[in-house]
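A.B. asks: Mind looking over this structure? Questions follow.
Read the figures in this text as sums done on the coordinates, not as results from a lab. Computed from a predicted structure; not experimentally measured. As a convention, Cβ positions derive from the backbone with ideal geometry for all residues, glycine included, and neighbour counts pool all protein chains shown.
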Amino acid sequence: MFGFELDGELIGTIRIVPLAYQLTLTETLLTQLGSDAPPVGPGDWEVGRLVLAPDCRSDVETLRHCLYLALQYACAHAPVTALFATCTHVLSRLYRRFGFGVFARDVPLPGTEKIYTLIRGASPDIELALSGRPVPPRNQ
């Protein structure tokens, strides 16, 4: 878990958890996808529980900077190949700006009414997108 300060005041937190230990919402939801789920490998992590102070939530640059700092720290201390996350469909559009791509929509959480969008991105692509440098187009 990471905390973010601005001028000595805590403005947010984020959690990054390794996958493959059945600790995350992402892993719970991946089971819903069956064979359509992307494989989870060493260096894959879930990023989540991003919380920003109310006066910082509408500032995309603050969000970008906090994610960038968290990813840089994580990469300096552990192998980080890819980041997975769960979010609403609306937020998935925001995270595309940061190098994530949607791989599943409308995934239900068993036993609840909650529906999620699952996103994933390669660590180098996310870091580049968060850095503010231009992201080269991918051949598809």
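A.B. asks: Among 29-35, 62-68, how do they line up by average Cβ neighbours within 10 Å per residue, starting with the highest?
C.D. replies: In descending order of packing, they fall as 62-68, 29-35.
A.B. asks: Nearest 5 is fine: what % of DSSP beta bridges in the chain come out antiparallel, could you say?
C.D. replies: If I count the DSSP bridges inside the chain, around 90 percent turn out antiparallel.
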